[in-house]
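The values are calculated or read from the model by the stated rules, or taken from the named source; none is laboratory data. Small disclaimer: the values here were computed from a predicted structure and weren't measured. All Cβ positions, even for glycine, are placed from backbone atoms using ideal geometry, and neighbour counts span all protein chains on display.
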C-alpha cells in the first residue's frame, strides 16, 4: 500500500496532464477502502454526535463545564444510540441472517440493560450511602459525596435509541 502511494505521487507530479484522472483514481481507492469500515465508522460518528448533543443540552441546563462532556446519564443516552447504530449498521452491511448481527443484538441488550437498570441501582446505592454519611455526621472529607445519578431514565434511553436510528439511517444514505 505504501509503495502504491509513492508511485501514484510520482506519477501525479511527473505527468501534469493526467493529474485530474489520477486524483479521481486516488479518491475512489480511498473511498472504497473506507466503505469497508462503514459498519464500525457509523456507530462511532453517531456516538460522538449524541454525546456532543448531550453536552450541549446539559450545558444549557446546568452551566458550561468541559467535564460534562463525558458525563454519564441524562438525555439522550449515548450508549443506547451507539448500540442501536451498531446493530443497524451490522444488519445493513452484514445481513440480518449473519452471526455478527446476532452478536450485535446480544451486546445491545446487555449495554442498554446496563444503562437503564444496573446503573440506576448504583445511583440508588449512592443516594442511600450519602444519606447514611449525613445522618451519622461523618466527615465528608473522609467519605466524599457519591454521585446519585449514574444511569438513565427510560425516556432518555428511548430518545437515545430513536436519535441513534435516525442518525444511522442518515449516514448510511450519505456514505452508502
Filter region 112-123 for residues that are at pLDDT 80 or above and surrounded by fewer than 16 Cβ atoms within 10 Å (Cβ to Cβ); which is nearest to residue 72 (Cα to Cα)? 114
Going through region 125-148 one residue at a time, which ones are surrounded by fewer than 16 Cβ atoms within 10 Å (Cβ to Cβ), within 27 Å of residue 51 (Cβ to Cβ) and at pLDDT below 80? 145, 146, 147
Working only within region 75-107, note down all residues that are at pLDDT below 90 and buried (at least 19 other Cβ atoms within 10 Å of the Cβ). 76, 77, 78, 79
Residues that are within 26 Å of residue 39 (Cα to Cα) and in the same structural domain as residue 45 (by TED's automatic domain parsing): find the helices (runs of 4 or more DSSP H) completely inside region 66-176 holding 1 or more of those. 78-94, 99-113, 154-175
